[in-house]
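Undergrad: Dumping the structure here so I can ask a few things about it.
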C-alpha cells in the first residue's frame, strides 16, 4: 500500500501567515503526497517552523486553505479536527517530552487517552517502540531530565509514533545526533515509511538525510516554496541560495 | 464468538492444515482495533494449540498492519513456540516484512518497577520528611553563608555591585507591589476598626478602638501582612525565575563565563527585597491606619480630629520602630528561602511547581516564627 496512491495527503493553498506588519509566508502552496518522505529546507528564519506549526494548527493564518487527508482544516469541527490529530504524530525539535512523566508514561500517554487496552499490551508497545527507535527497554523508567539529547529525540519519535500515525512531522530530527545515529535515524524513518505507508514531512538541514531518506525536497525562500523536486533537480537549479546550499563547502563531501 | 469479517474488523480463524493447524488472520490489524485484537490473541494463546507439530500463522488476508498488529502476531508466535519450534508466518506481504522484522527484535518485556507495600511507604515518607527538615535548615545556612560571602566580595570591590539589576528588582518587588499592598492593608484596617467598634460598643468603649488599631497595625499586623503578601508575590517569583534558569542551564552558562550566580542573580534580589520590605511595611501600616480612621469616622462616628489626638496618646514611636525593625529580617528570610528553593529545582515542570509552592509555604511559616521570636524578645526587654 505504500506509494500506491500518489494523491496529496496534505494540500496547502495560498497560505499567508504573518505577525503584525511582517509577512512570513505569502500565498504559499505545497502538496505532500501520500507515502513520501518530503524534506523541507530553507534558510534559518525563512519560516519552515511557521509553516509546520500552521499546518498543525498551532499558529493562526491570515488566509489560504490547508487540507489534511482531504479535510479542510478551516471548516472542520472539533471532532473532525481531533480525529485528524490522532492520525498524525509530531516530533518537536526539542523533543517536548512531558518532563514530569517517565519515558514509559510519555509513550503510553496518547495510547492510554484514546484506546482501552491492557497495561500488559501498553508496556509491550512501549518496549516495541523503544526497540524500533534503537533504545533499550531499561530506558522506559527514566525521566526526560535523565536522558541525553539523542535519546530525547528517539523517545520523542517513539511517542510521535505511539498511535501508528499516517503522517509524521519531524522538526530537525537528526540535529544533535552523531553521524552514525543520524544515519540510523534516517534508516529507521525509511523502514517505518515502507512498513506503515507513513508519510513523512521532515524539516531538516542534514544533507545526508536529504540525499538518502527523502523522496522529494521542497525549498522555502522569499516567503514561498522556491522549488520542489528530487535531489537531482536541486543540484541542477541555478538559484543562488540553492547553489550555495547544495554546492557549498559542506555539501561537496556529501553530494559529490 | 468471533466477530464477523465486516468493516475490516480483525479475525483469527483456526483451520486444519495437513497434520497441523493454520491460524488465518484477516482484517485490519491496527491500533484502532487494538482492544479487540488483544482479546483474540489472548483467547488463542490460552487455547493450547502449541502442542501441534506444525503451526502456521497465515497473515495473507490482513488488509492493514501496523506496530500494534505486528507486535500481537509476534506475541502469539512467541507464546506458541515450544522449544526450538516456532510457528511459521506465511503470506506476509513485502510491504510489511520489515515491520515484522522490527518487532522480532523486541526483547522480553521487563516488569515495571513496583512500588513497595503501603505501610512501608508511609514509614519511608515519614523518615524522608524528617531528613528533609534537616536539609532545609542546612540549605538555609548554606545560602546565608553564600550570600554573606558574595556581599563581602562586593564590599571589597564595590565596582562588582550590580546596581542596574538591583534597581530593576526593586521596581518589580517594591514599586509594582505598592498598589496591591496598599489596597489590602487599607481593607484590613477597615475591617479591624469595624469589628473593634462593633464589639467595644457593648461596653461603651468605642474610642478604645483607636488604641487597638494603632498598636495592632504598627506592631504586628502591618508588617506581618505585608511579609505574607511579599512571600506570595515576590518570593514565588524569585523561585520560579531561578528555577527555570536552572532548568535551561542559564545558571551553568553564567558559571562557565566566570560569574558567581550568587553575586549576579541572588544578591541583587535579596538586597532589593531587604530595601523594599520596610518601605512596603510603612506604606501598609499607613494605609491600614487610614482605612481604620475612615471606618471609625463613617461607621463609628469618631471625628478625624478625635481619632488623631487619641492615636497620638495611644501609641509611641516604640510601636512604630518595633514593627519596622522586623521588616528587613523578614525580607531576608523570604529571599533566602526563595533562592534556596529556586536552586533546588530539578529538570521537570512538576519540580518547578513543587519548589515554588514550598518556597511560599516555608516563607510564611518562617516569617510567623520569626515574628513570634521578636515578640518574645521585645516583651522581655520591655519595649
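Undergrad: Specify which of the listed residues (B:148, B:140) is assigned to a helix (DSSP H, G or I) and touching a residue at least 24 places away in the same chain (Cβ under 8 Å).
TA: B:140
Undergrad: Could you tell me how many of the residues in the stretch B:197-256 are farther than 25 Å from residue B:272 by Cα and in contact with a helix residue (DSSP H, G or I) (Cβ under 8 Å, 6 or more places away or on another chain)?
TA: Selection size over the stretch B:197-256: 13.
Undergrad: Check the stretch B:332-341 and report whether any residue there is within 14 Å of chain A (Cβ to nearest Cβ), under 30 Å from residue A:142 (Cβ atoms) and buried (at least 18 other Cβ atoms within 10 Å of the Cβ).
TA: no
Undergrad: Go over the candidates B:136, B:144 one by one and state the one that is more than 18 Å from residue B:237 (Cβ to Cβ) and modelled with pLDDT under 90.
TA: Being more than 18 Å from residue B:237 (Cβ to Cβ) and modelled with pLDDT under 90 holds for just one of B:136, B:144, which is B:136.
Undergrad: Just to be sure, is residue A:145 in contact with a helix residue (DSSP H, G or I) (Cβ under 7 Å, 6 or more places away or on another chain), in a helix (DSSP H, G or I) and either free of Cβ contacts under 8 Å to residues at least 60 places away in the same chain or within 11 Å of chain B (Cβ to nearest Cβ) (or both)?
TA: Considered against the rule, which asks whether it is in contact with a helix residue (DSSP H, G or I) (Cβ under 7 Å, 6 or more places away or on another chain), in a helix (DSSP H, G or I) and either free of Cβ contacts under 8 Å to residues at least 60 places away in the same chain or within 11 Å of chain B (Cβ to nearest Cβ) (or both), residue A:145 comes out as no.
Undergrad: May I pose another question? Let me spell it out: the conditions are (1) in contact with a helix residue (DSSP H, G or I) (Cβ under 7 Å, 6 or more places away or on another chain); (2) at pLDDT below 80; (3) more than 19 Å from residue A:129 (Cβ to Cβ), and residue B:110 meets all of them except one. Which number is the exception?
TA: Of everything listed in (1) in contact with a helix residue (DSSP H, G or I) (Cβ under 7 Å, 6 or more places away or on another chain); (2) at pLDDT below 80; (3) more than 19 Å from residue A:129 (Cβ to Cβ), residue B:110 misses just condition (3).
Undergrad: Quick check on this structure: which one of B:308, B:289 is assigned to a helix (DSSP H, G or I), more than 30 Å from residue A:95 (Cβ to Cβ) and in contact (Cβ under 8 Å) with a residue 24 or more places away in the chain?
TA: Only one candidate passes the filter, namely B:289.
To keep it simple, each residue is scored yes or no on (1) surrounded by 17 or more Cβ atoms within 10 Å (Cβ to Cβ); (2) at pLDDT 85 or above.
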residue	(1), (2)
A:46	yes, no
A:50	yes, yes
A:55	yes, yes
A:63	no, yes
A:70	no, no
A:74	no, no
A:78	no, no
A:83	no, no
A:89	yes, yes
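A quick yes/no check of all residues on (1) surrounded by fewer than 24 Cβ atoms within 10 Å (Cβ to Cβ); (2) closer than 24 Å to residue A:142 by Cβ; (3) in the same structural domain as residue A:9 (by TED's automatic domain parsing):
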residue: A:153; (1), (2), (3): no, yes, no
residue: A:159; (1), (2), (3): no, yes, no
residue: A:187; (1), (2), (3): yes, no, yes
residue: A:190; (1), (2), (3): yes, no, yes
residue: A:196; (1), (2), (3): no, no, yes
residue: A:202; (1), (2), (3): no, no, yes
residue: A:207; (1), (2), (3): yes, no, yes
residue: A:212; (1), (2), (3): yes, no, yes
residue: A:221; (1), (2), (3): yes, no, yes
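Undergrad: Can I ask one more? Those residues that are more than 17 Å from residue B:75 (Cβ to Cβ) and more than 14 Å from chain A (Cβ to nearest Cβ), I need them from the stretch B:15-44; list them, please.
TA: B:15, B:16, B:17, B:18, B:19, B:20, B:21, B:22, B:24, B:26, B:27, listed by residue number.
Undergrad: Turning to a different aspect of this structure: Report yes if some residue within the stretch B:61-69 is outside any helix (DSSP H, G or I), modelled with pLDDT of 80 or more and away from chain A (no Cβ under 13 Å); otherwise report no.
TA: yes
Undergrad: Separate question: Filter the stretch A:94-103 down to residues that are at pLDDT below 85 and away from chain B (no Cβ under 11 Å), then give me how many there are.
TA: Residues flagged as at pLDDT below 85 and away from chain B (no Cβ under 11 Å) within the stretch A:94-103 amount to 1.
Undergrad: Here is a follow-up. Taking the stretch A:113-149 only, how many residues are surrounded by fewer than 18 Cβ atoms within 10 Å (Cβ to Cβ) and closer than 20 Å to residue A:188 by Cβ?
TA: So the count comes out to 5.
Undergrad: Starting from residues that are out of contact with any helix residue (DSSP H, G or I) (no Cβ under 7 Å at 6 or more places or on another chain) and in a helix (DSSP H, G or I), keep the ones in the stretch B:314-331 and report whichever is farthest from the other protein chains (Cβ to nearest Cβ).
TA: Filtering first and then ranking leaves B:317.
Here's the yes/no breakdown for (1) in contact with a helix residue (DSSP H, G or I) (Cβ under 6 Å, 6 or more places away or on another chain); (2) farther than 24 Å from residue A:47 by Cβ:
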position	(1), (2)
A:149	no, yes
A:153	no, no
A:162	yes, yes
A:168	yes, no
A:174	yes, no
A:181	yes, yes
A:220	yes, no
A:228	no, no
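Undergrad: Select from the stretch A:106-134 the residues that are at pLDDT 85 or above and more than 10 Å from chain B (Cβ to nearest Cβ) and list them in ascending order.
TA: Selection gives A:106, A:107, A:108, A:109.
Undergrad: Scan the stretch A:160-191 residue by residue and report those that are more than 13 Å from the chain's Cα centre (by Cα) and within 14 Å of chain B (Cβ to nearest Cβ).
TA: A:162, A:163, A:164, A:184, A:187, A:188, A:191 - these are the residues of the stretch A:160-191 that are more than 13 Å from the chain's Cα centre (by Cα) and within 14 Å of chain B (Cβ to nearest Cβ).
Undergrad: Shifting gears a bit: In the stretch B:84-94, is there at least one residue being at positive phi, more than 14 Å from chain A (Cβ to nearest Cβ) and in contact with a strand residue (DSSP E or B) (Cβ under 6 Å, 6 or more places away or on another chain)?
TA: Within the stretch B:84-94, one or more residues are at positive phi, more than 14 Å from chain A (Cβ to nearest Cβ) and in contact with a strand residue (DSSP E or B) (Cβ under 6 Å, 6 or more places away or on another chain).
Undergrad: Every residue in the stretch B:151-166 that is assigned to a helix (DSSP H, G or I) and touching a residue at least 40 places away in the same chain (Cβ under 8 Å), please.
TA: Result: B:151, B:153, B:154, B:160, B:165, B:166.
The values are calculated or read from the model by the stated rules, or taken from the named source; none is laboratory data. In this text the structure is predicted, and so the values were computed from the model without any measurement. Backbone-built Cβ (ideal geometry, glycine too); neighbour counts: all protein chains shown.
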